[in-house]
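**Q** This is the structure I have questions about; it appears just below.
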Amino acid sequence: MRFFYIETYGCQMNKADSNAIINELLENDYIQVDDYNNADIIIINTCSVRITAENRIWGRLGFYKNQKKKKNIVIVIVGCMAQRLGNDFFKFNDTVDIVIGTYQKDNIANILRNYGHDKKIAYIEEKQIKFSNSFPDRDNSKKAFVTISHGCNNFCSYCIVPYVRGREISRSSNEIINDINNLAAKGVIQVTLLGQNVNSYGSENNDISFNELLKRISRETDIKWIKFLSSHPKDFNDDLIEVVAEEGKVANWIHLALQSGSNNVLKKMNRKYTIESFMEKVEKLKRYIPKINLTTDIIVGFPGETENDYLDTYNSLKQIRFDDAYMYKYNIRENTFAQNNYIDDIPEEEKTDRLTQIIDLQRSITRENKINRINDQFEVISECFSKKSENEILGLTKEDLMIIYNGDNSCFLSINKIKAVRLEGNTLYGEKI
Ligand code: SF4
């Protein structure tokens, strides 16, 4: 049993976890394959944040059940769904052989080595989190994810994350600096610092604050671009806005999850900020960084969300004019405060209507904001050739915007300077300067 295939669902944190799993296995002489037909171990890194994400996994397991009939393969489930269900996974699905929770993923090579084919087994015991060193992204070696904290203390009432990833633990700042220096030495240009709430980094272990961490990374490493995910509005302070504005290496991209524009709903969500305080931060961000790329998350149809609450969200989007947004309908997650205390009373049709309306609104704002970027100049790293042509390159700007431009293999060597010249559909097109 040597050849493994991994598929990853969910957030960037899961991508980073998959990278760590891949490297742990490679270091232990396992071989990664790009085609599941050539694997004898299939690893699925799962997400529990939305019911739709879990349903996809059940669908994939149906697919692998058929594969298993053709070939002797071991199916391993890791990630949040593994932690949430543990041994119950085997009750719901007989295709899975091994379940490895969020605390045990660094043990995967050992677990596989000791696995006897005759039994099904779950490893979900909580233990001290070990932060792994980071590696260049397999799809683009100029980028890397760097996990700076694990877990979350916020208990937003709809969210399952604190139950499957535990309380927040921050990685030592010195370890992070060393990790990033090693990445820079390998040619990485961009790091994305990851945590469920990066802004509260260091608060539980008396290490430096997140703002100080950004400054140290800027000044003590050779990395060129620093991005971070996710920020929580209650901990996103004014000083951080100044750090982002003043530290040249910190990208002008902020993902700040609003979730709702109604104070009633924000309170029930346990978000601990008001729409007014959120607006103040946005106003300051735009004043200090006029070209900021500001993105967000929105949930509609939260229990008890009235038409007026929903309109508050709609009007907030109109007023703030985010550059982009991830928008969802509320769905119940097991054992959360919202499930135990609120009735999921907004009819599905109404949720869909509200979602459709905000998606339409945000699409037009996203487009208008992109039109306003025509003639702007960007630093860009090349991601891949565009699907349409081998002479066109899909790149990522320092502000985390996608842009297409003419180029060849040489563009992949370093940072390109690109001027945006037009918008086609929702895609920015540029030219090399
Ligand atoms: S901040 Fe809230 S939404 Fe984000 S992971 Fe923590 S509990 Fe979930």
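**Q** Please find, in a Gaussian network model of the chain (springs between Cα atoms separated by less than 10 Å), the residue of Ser389, Ser170, Ser132 whose mean-square fluctuation is greatest.
**A** Ser389
**Q** Going toward the positive end of the dipole of the chain, with +1 on Lys and Arg Cβ and -1 on Asp and Glu Cβ, which of Asn178, Ser389, Thr306 do you reach last?
**A** Going by the charge dipole, the pick is Ser389.
**Q** Would you mind getting me the FRET efficiency between Asn340 and Asn270? Use the beta-carbon distance for r and R0 = 22 Å, nearest 0.05.
**A** 0.95
**Q** With a ≥ b ≥ c the root eigenvalues of the C-alpha gyration tensor of the stretch 245-299, is it rounded (a/c under 1.5), prolate (a/b larger than b/c) or oblate? Mind showing how you got there, number by number?
**A** Working: a/c = 2.92, a/b = 2.19, b/c = 1.33.
Verdict is prolate for the stretch 245-299.
**Q** Beyond 24 Å between alpha-carbons counts as too far, so tell me which of Lys68/Lys130; Lys272/Lys318; Lys127/Lys227; Lys15/Lys127; Lys105/Lys268; Lys281/Lys370 fall in that bin. Intermediate results must be reported in sequence, preceding the final value.
**A** On the way: Lys68/Lys130 33 Å; Lys272/Lys318 22 Å; Lys127/Lys227 29 Å; Lys15/Lys127 21 Å; Lys105/Lys268 34 Å; Lys281/Lys370 22 Å.
From Lys68/Lys130; Lys272/Lys318; Lys127/Lys227; Lys15/Lys127; Lys105/Lys268; Lys281/Lys370, over 24 Å: Lys68/Lys130; Lys127/Lys227; Lys105/Lys268.
**Q** Of all beta bridges DSSP finds with both residues in the stretch 143-371, what is the antiparallel percent, to the nearest 5? Provide the component values of the computation, followed by the final result.
**A** On the way: 2 of 24 bridges.
Expressed as a percentage, antiparallel bridges in the stretch 143-371 total about 10.
**Q** Could you list which residues have their amide H under 5 Å from that of Met327, counting only those 5 or more apart in sequence or on another chain, with H placed in the peptide plane?
**A** Ile298
**Q** Turning to a different aspect of this structure: Please sort by residue number the trypsin sites (Lys or Arg not before Pro) in the stretch 138-217 whose DSSP state is loop and whose Cβ has at most 15 other Cβ atoms within 10 Å. Before the final figure, lay out each step's value.
**A** Working: sites: Arg138, Lys142, Lys143, Arg165, Arg167, Arg171, Lys186, Lys215, Arg216; in loops: Arg138, Lys142, Arg167, Arg171, Lys186.
Passing both the DSSP loop test and the Cβ count: Arg138, Arg167, Lys186.
**Q** With a cap of 12 neighbouring Cβ atoms within 10 Å, and only residues DSSP puts in a loop, list the GluC sites (Glu not before Pro) found in the stretch 120-196. Present the calculation step by step, with values, prior to reporting the outcome.
**A** Working: sites: Glu125, Glu126, Glu168, Glu175; in loops: Glu125, Glu126, Glu168.
When the GluC sites (Glu not before Pro) of the stretch 120-196 are filtered for loop state and at most 12 Cβ neighbours within 10 Å, Glu125, Glu126 remain.
**Q** While we're looking at this one, here's another question. Test of understanding: ordering Thr397, Thr95 by Cβ neighbours within 10 Å, fewest first, what list do you get? Walk me through the numbers before you get to the answer.
**A** Numbers: Thr397 25, Thr95 20.
By the 10 Å Cβ count, ascending: Thr95, Thr397.
**Q** Sticking with this one: Write down the radius of gyration of the stretch 377-432 and its Dmax, each obtained from C-alpha positions, in Å.
**A** 9.8, 29
**Q** Could you give the size of the charge dipole of the chain about its Cα centre, using +1 on the Cβ of each K and R and -1 on the Cβ of each D and E, expressed in debye and rounded to the nearest 20? Display every interim value, and only then the final one.
**A** Details: 58 positive and 61 negative charges, 117 e Å.
The dipole of the chain has a size of about 560 debye.
**Q** Divide by every residue of the chain the summed helix terms, -39500 (n - 2.57) for each DSSP H run of at least 4, and state the resulting mean residue ellipticity at 222 nm, rounded to the nearest 500 deg cm²/dmol. Numbers along the way, then the final one.
**A** On the way: 14 runs with 154 residues, N = 433.
Estimated from H runs of four or more residues: -11000 deg cm²/dmol.
**Q** Pick from Asn140, Asn114, Asn205: which is most flexible by mean-square fluctuation in a GNM of the chain where alpha carbon atoms under 10 Å apart are linked?
**A** Fluctuation is largest for Asn114.
**Q** Shifting gears a bit: Hey, how much of the P(r) for the chain falls beyond 32 Å, as a percent of Cα pairs? Spell out each step's value before the answer.
**A** Values: 39091 of 93528 pairs.
Percent of Cα pairs beyond 32 Å in the chain: 42.
**Q** A follow-up question, please. What's the Kirkwood radius of the stretch 3-123 in Å, using all Cα pairs? Before the final figure, lay out each step's value.
**A** On the way: mean 1/r = 0.0705 Å⁻¹.
By the Kirkwood definition, the hydrodynamic radius is 14.2 Å.
**Q** Mind listing the phi-derived Karplus ³J(HN,Hα) values for the stretch 183-189, rounded to whole Hz, using 6.51, -1.76 and 1.60 with θ = phi - 60°, and x for any glycine or proline?
**A** 5, 4, 5, 8, x, 6, 9
**Q** Counting other Cβ atoms within 10 Å, which GluC sites (Glu not before Pro) in the stretch 316-387 have at most 14 and lie in a DSSP loop? List each step's numbers first, then the result.
**A** Details: sites: Glu334, Glu348, Glu349, Glu350, Glu368, Glu379, Glu383; in loops: Glu334.
Within the stretch 316-387, the qualifying GluC sites (Glu not before Pro) (loop, at most 14 other Cβ atoms within 10 Å) are Glu334.
**Q** Using alpha carbon centroids, what distance separates the stretch 101-153 and the stretch 176-244, in Å?
**A** Here the answer is 22 Å between Cα centres.
**Q** Can you work out ³J(HN,Hα) from phi for every residue in the stretch 126-137, in order, using Karplus 6.51 cos²θ - 1.76 cosθ + 1.60 and θ = phi - 60°, giving whole Hz and x for Gly and Pro?
**A** So the Karplus estimates, Gly and Pro as x, are 6, 8, 4, 6, 10, 7, 8, 5, 9, 9, x, 4 Hz.
**Q** Would you mind checking the stretch 1-26 for residues with the amide N under 17 Å from a putative spin-label position 7 Å along Cα→C-beta of Asn38?
**A** 1-7, 26
**Q** Rounded to the nearest Å, what's the spacing between the alpha carbon centres of the stretch 1-63 and the stretch 304-332? Just the number, please.
**A** Using only Cα atoms to place each centre, the spacing works out to 33 Å.
**Q** Further, regarding this structure: What is the distance, in nm, between label points placed 7 Å from the Cα along the Cα-to-Cβ direction at Glu220 and at Asp238?
**A** 2.8
**Q** Can you give me the distance in nm between label points at Val421 and Asn315, each placed 7 Å from the Cα along the Cα-to-Cβ direction?
**A** Result: 4.4 nm between the two label points.
**Q** Cut-off 10 angstrom, C-alpha nodes, Gaussian network model of the chain. Which of Lys318, Lys71, Lys281 fluctuates the most?
**A** Among Lys318, Lys71, Lys281, the largest mean-square fluctuation in the Gaussian network model of the chain belongs to Lys71.
No value in this document is a laboratory result; all are computed from the given coordinates. None of the values given here were measured: they were computed from a predicted structure. Ideal geometry is used to build each Cβ from the backbone, glycine not excepted, and the neighbour counts take in all protein chains shown.
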